[in-house]
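Inspection log for the structure reproduced underneath, given as structure tokens.
The values are calculated or read from the model by the stated rules, or taken from the named source; none is laboratory data. Quick caveat, the model's predicted, so the values are computed rather than measured. When we count neighbours, we look across all protein chains shown, and the Cβ atoms used for this are built from the backbone with ideal geometry, even at glycine.
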Amino acid sequence: MSELTIGLVVLALTFLVLASGTPIAFGLGLVAIASLLIFEGPGGLMGIAEVFYSGLDDFTLVSIPMFVLMGAAIAVSRAGSDLYEALDRWLYRLPGGLVISNLGACALFAALTGSSPATCAAIGKMGIPEMRRRGFSDEIATGSIAAGGTLGILIPPSITLILYGIATESSIGRLFLAGVIPGLLLTAMFMVWTWFSVRRTGGGMAAPGLRYTLRDKLAALPRVLPFLAIVVAVVVALYGGIATPSEAAGVGAFACVALVMLVYGLTRMKDLWPILRDTTRESVMILLIIAGSILYGYMLTNLFLTQALAGWVAGLDVNKWVLLGLINVLLLAAGCFLPPAAIILMTTPILLPIITGAGFDPIWFGIIMTINMEVGLITPPVGLNLYVINGIAPDVPLKKVLMGSLPYCLLMILAIVILSIFPGIVTFLPDLLMGPAVG
């Protein structure tokens with residue numbers, strides 16, 4: 001049987017298993033084992049235990065539960081509402097200032113938690129009712145929060161970038177730095193569009209008579225600045241070579257838990273239990289997806305599917321930008337059905353040889369891939385953020401949430417085009433602070 005036939009069978013089996021509702025981790029592992037058993041017989045299963053163990057035997061993986069703990073500590077506190085209130089006090093007079101402050105709060109909170117659903121839930125519960133009360137349309141109120149929540153997988157520290165770094169054996173510190181400017185660029189694009197849209201349609205201004213003094217504005221900052229300092233310290237420790245990703249994540253997690261206990265008074269065990277519970281649940285889920293993806297990648301390599309596909313693509317007489325466009329379409333389509341972690345871990349073994357063979361920088365491609373994953377978070381049928389927002393505002397039809405998030409999807413695609421034309425936007429900061437990449 002040819003590699004093409006085997007690949008089509010594996011692809012069909014993968015879609016069948018995942019469409020059945022099987023959890024991603026178990027589905028990938030099941031497809032890998034079944035494919036090896038079908039095409040190589042019982043002998044193909046001899047090495048899977050060692051592959052499973054060696055794939056998780058990586059000290060860098062310790063950073064994942066630590067960053068998850070850091071996010072969980074922020075998510076259960078009032079940090080989200082404090083961010084929202086602080087930004088609203090500074091931007092309330094600007095047309096669309098409330099929406100812009102929500103986007104800013106989403107970007108900052110997402111950077112702290114690294115979780116898009118948590119960001120949508122934390123900021124949306126406060127922001128959506130207030131935006132609707134001030135006269136903003138349902139589309140703007142819900143779509144802006146759905147889109148703003150996606151920024152967490154790009155702005156460091158990002159678990160998605162950690163997974164990409166592990167899958168490609170790239171420097172996580174370099175990836176974090178590479179995500180800073182694109183993350184700020186995307187946030188700025190969201191804010192500019194919001195300002196333009198609200199200015200054009202009108203409405204949404206602050207209530208008459210509402211006024212915050214400079215003292216009021218400054219009073220909201222002490223609860224916010226310590227958490228932002230932690231994010232900056234983690235990134236500085238990584239790119240400065242002061243600490244490894246695991247060490248930086250451990251210190252960041254400890255600092256976040258300590259601040260939550262000191263600032264918000266969460267000192268009792270019943271207050272801390274949700275942090276530990278959510279951390280354990282999400283960490284185990286991510287690590288199981290990694291393990292399942294490692295088995296899946298082992299299967300692809302063992303059946304020579306990765307090598308055959310890379311060879312076939314290399315033999316195509318197409319421009320490298322056409323190739324990149326096709327890859328982006330593939331990632332956008334995959335993002336409509338699968339979560340970012342699964343897509344990165346499933347497709348990277350296949351795409352990395354193709355990308356590097358075409359002369360693209362793997363660090364740059366990691367950012368492009370991540371923005372594609374952001375689009376997937378707000379596109380049906382699986383767009384997780386859409387359903388989180390729909391749960392917060394159940395009286396808003398899902399169609400309106402989708403229409404409100406559509407302009408932000410187009411902005412993300414525009415950002416991909418900009419970063420493709422000017423790749424230096426991605427590589428400038430890592431090259432400046434860590435030196436040019438070797439190899």
Subject >> Any hit, the range 165-172, residues being over 21 Å from Ile389 (Cα atoms) and free of Cβ contacts under 8 Å to residues at least 24 places away in the same chain >> reply: yes
**OP:** Please enumerate the residues belonging to the range 319-376 that are among the polar types (S, T, N, Q) and over 14 Å from the mean Cα position of the chain (by Cα).
**Re:** Asn319, Asn328, Thr347, Thr348, Thr356
Subject >> Which numbered condition Ser170 fails, given (1) outside any helix (DSSP H, G or I); (2) at pLDDT below 85 >> reply: (2)
Subject >> Matching residues in the range 230-262 - criterion: being modelled with pLDDT of 80 or more and more than 22 Å from Thr280 (Cα to Cα) >> reply: Leu262
**OP:** Determine if the range 121-132 includes at least one residue that is in a helix (DSSP H, G or I), of a type in the set (A, V, I, L, M, F, W, C) and over 23 Å from the mean Cα position of the chain (by Cα).
**Re:** yes
Original post:
Given the residues Ile155, Ile140, Ile128, Ile145, which is the only one that is among the β-branched types (Val, Ile, Thr) and closer than 30 Å to Leu351 by Cβ?
Top reply: Ile155
Original post:
What about Phe26, is it part of a helix (DSSP H, G or I) and under 26 Å from Leu272 (Cβ atoms)?
Top reply: no
Original post:
Considering only the range 313-366, how many residues are polar (S, T, N, Q) and touching a residue at least 24 places away in the same chain (Cβ under 8 Å)?
Top reply: 2
Original post:
In the range 96-148, which residue that is touching a residue at least 40 places away in the same chain (Cβ under 8 Å) and among the polar types (S, T, N, Q) is surrounded by the most Cβ atoms within 10 Å (Cβ to Cβ)?
Top reply: Ser144
